[in-house]
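Participant: Here you go, one structure.
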Amino acid sequence: MKAHMLLGNYLVAYLRKIDVSHLFGFPSDLVIQLFIKFGKPHNMRVIATSHEPGSEFTVDGYARATRKIGVLCVTYGTGGDIMSSTQLPVPFL
């Protein structure tokens, strides 16, 4: 990784370093650029759902079934609020 880089580029590089291949989430206008960064240029699969709770259950199922890290991307504000109020026994950042 470079000494100075944009946050989105750093995040993509780090997730690739730890072998993340899928990104789940609700592609709203505030995170769409991050979804685009993750997509084809970095050979990551973006799984879009129709709302945040659906994304959460999808990424949880993926992580449990594959034993890999599941990465979920939602917008800040209501998207983050919805995610923080769930009862799934998984780490939330």
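Participant: Name the residues whose placed amide hydrogens come within less than 5 Å of the amide hydrogen of Cys73, ignoring near sequence neighbours (fewer than 5 apart) on the same chain.
Facilitator: Phe24, Gly25, Phe26
Participant: Continuing with this model, one more query. Provide, for q = 0.13 Å⁻¹, the log10 of I(q)/I(0) from a solvent-free Debye sum over equal Cα point scatterers in the range 8-80.
Facilitator: -0.34
Participant: Moving on. Looking at the range 1-71, which trypsin sites (Lys or Arg not before Pro) are in a loop (DSSP not H, G, I, E or B) and have at most 13 other Cβ atoms within 10 Å? Numbers along the way, then the final one.
Facilitator: Working: sites: Lys2, Arg16, Lys17, Lys37, Arg45, Arg64, Arg67, Lys68; in loops: Lys2, Arg67, Lys68.
Those satisfying the criteria are Lys2, Arg67.
Participant: As an exercise, use a Förster radius of 41 Å and the Cβ-Cβ distance of His4 and Arg45 to find the FRET efficiency, rounded to the nearest 0.05.
Facilitator: With a Förster radius of 41 Å, E is 0.90.
Here, each number is a calculation from the coordinates, and none is a lab measurement. Source: prediction; values computed, not measured. All Cβ positions, glycine included, derive from the backbone under ideal geometry; neighbour counts span all protein chains shown.
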